[in-house]
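The values are calculated or read from the model by the stated rules, or taken from the named source; none is laboratory data. The model shown is predicted, which means the values in this text are computed figures rather than measured ones. Positions of Cβ are backbone-derived with ideal geometry, glycine not excepted, and every protein chain shown enters the neighbour counts.
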Amino acid sequence: MEKVAIIGTGCAGLTAALYAARAKLSPLVLTGTMPGGLLTTTSIVENFPGFPEGMDGYELMTRMQKQAERFGARVKFGTVEAVDLSKRPFTLTVDGEKVETQTIIIASGASHRHLDLESEKLLETKGVTYCATCDGALPIFRDQPLVVVGGGDSACEEATYLTRFSSTIYLVHRRDTLRASKIMADRTLSNPKIKPIWDSVVTEILDVKQDKVIGVRLKNVRTNKESVMDCAGVFVAIGHLPNTQLFKGVIDMDDAGYIIPARGMETNVPGVFVAGEYAYMDFRFVFPRVGCLIVGYEKAARSGEASQQRDEHPHQTEHRREREIAGQNRHPFF
Ligand code: NAP
């Protein structure tokens, strides 16, 4: 039986793995379908402390994994298909196999949000993409006009990256100001290759009949005027959706699927902790993820030890919980 199973190998999951491994808990870390998480698709990460020149996202995640493994974390390629949190030990079904574990840290991250257009679905991988770093260098996009949709840091990053391959990037945003951080917004808007298209949404990606992207149909949300713009690729960068569907109905979450921790980073199910970008809407930068995670791990470790070493009467457990909630036995991070 595992002491700690960590779902996810993004920043949060691997930081949890590092701390759990150094505490000799030999955590089992389950990768999901995207080992290393979304950061592996980022070009340069500029806001991770300790790397003044920035760091390639893939390289950063590879190093994090190596560091956790060095202390005994076991990274296993596998997707959690089902969870049974009704009794301890908990049971995870990982690619058909059952894994029993005392504690779980949910660090399963988020997936790209889609525009939810029929044409978007039909033209995915045929000019519609969610990752400039992965696909930007493809020959179909070279020296062609390209559209990036979104107004956040991701959209700015995608647009800036694509200027390596094309001289005309249209940044289509539904408002007239960017949501991105000031430094990213300024850098983007001062780039002569990036042309913002304000107050506009993509209503259709053309052309499904030709089975490739040749343009987009746009609607100005202020004037309702429609227009068509030629492009060879559409890069959708409109945020992310938390990967928490597995826990729906069992773990408390808001309508958008962000888990609402009950105590610190522990969820409403004792022994199940949350770390990373879907814990709180506002914790979506790398570094806070790490901070949350450390807290998550510390609590998971204590919870695992508690359930293994103590043979408490239910009343004792109840009293201990009350003391914890009242603030005694509180960890210095809180
Ligand atoms: P985000 O900040 O949530 O921005 C999403 C953008 O997409 C917003 O501008 C939003 O418009 C727009 N949008 C959402 N749904 C849309 C729809 N259906 N149609 C059209 N537009 C839509 O997401 P993000 O840019 O992926 O960033 C996520 C987090 O990661 C942020 O905290 C960000 O700072 C961080 N991040 C940091 C870096 C970096 O520092 N290097 C890089 C990437 C991401 P509205 O503005 O109108 O809501």
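When you scan segment 142-176, how many residues do you find that are away from the ligand (no atom under 12 Å from the Cβ), touching a Gly at 6+ places or on another chain (Cβ under 7 Å) and among the aromatic types (Phe, Trp, Tyr)?
Here the count works out to 1.
So that you can scan it fast, the table gives a plain yes or no per residue for (1) under 23 Å from Thr41 (Cα atoms); (2) of a type in the set (S, T, N, Q); (3) surrounded by fewer than 14 Cβ atoms within 10 Å (Cβ to Cβ):
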site: Ala159; (1), (2), (3): yes, no, no
site: Leu162; (1), (2), (3): yes, no, no
site: Ser167; (1), (2), (3): yes, yes, yes
site: Ala185; (1), (2), (3): yes, no, no
site: Lys225; (1), (2), (3): no, no, yes
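Starting from segment 252-278, keep only residues that are farther than 14 Å from Gly13 by Cβ and small (Gly, Ala, Ser), then list their pairs with residues that are away from the ligand (no atom under 16 Å from the Cβ) and at pLDDT below 90 whose Cβ atoms are within a distance under 6 Å, requiring at least 6 positions of separation or different chains.
That search, which allows pairs on different chains as well, returns Gly264/Val295; Gly264/Lys299; Gly264/Phe334; Gly271/Ser303.
Among (1) of a type in the set (A, V, I, L, M, F, W, C); (2) more than 16 Å from the ligand (Cβ to nearest atom); (3) touching a strand residue (DSSP E or B) at 6+ places or on another chain (Cβ under 8 Å), where does Ala137 come up short?
Failing condition for Ala137: (3).
Restricting attention to segment 265-275, which residues are part of a loop (DSSP other than H, G, I, E, B) and in contact with a Gly (Cβ under 8 Å, 6 or more places away or on another chain)?
Met265, Gly271, Ala275
Output the strands (runs of 3 or more DSSP E) that fall wholly within segment 180-259 and possess 3 or more residues being within 26 Å of Arg142 (Cα to Cα), or say none.
194-197, 200-206, 215-220, 226-230, 233-236
Looking for whichever is assigned to a loop (DSSP other than H, G, I, E, B), within 22 Å of the chain's Cα centre (by Cα) and of a type outside the set (Val, Ile, Thr) here; the options are Ser108, Ser167, Ser154, Ser86. Which one fits?
Result of the check over Ser108, Ser167, Ser154, Ser86: Ser108.
Considering segment 23-76 alone, what residues qualify as being away from the ligand (no atom under 16 Å from the Cβ) and assigned to a strand (DSSP E or B)?
Scanning segment 23-76 gives Leu28, Val29, Leu30, Arg74, Val75, Lys76.
Six or more apart or on different chains, Cβ under 7 Å: which pairs go from a residue in segment 200-216 that's at pLDDT 95 or above to one that's away from the ligand (no atom under 16 Å from the Cβ) and among the small types (Gly, Ala, Ser)? Could you list them?
From segment 200-216, the pairs are Leu206/Gly215; Lys212/Gly127; Val213/Gly127; Val213/Ala232; Val213/Gly233.
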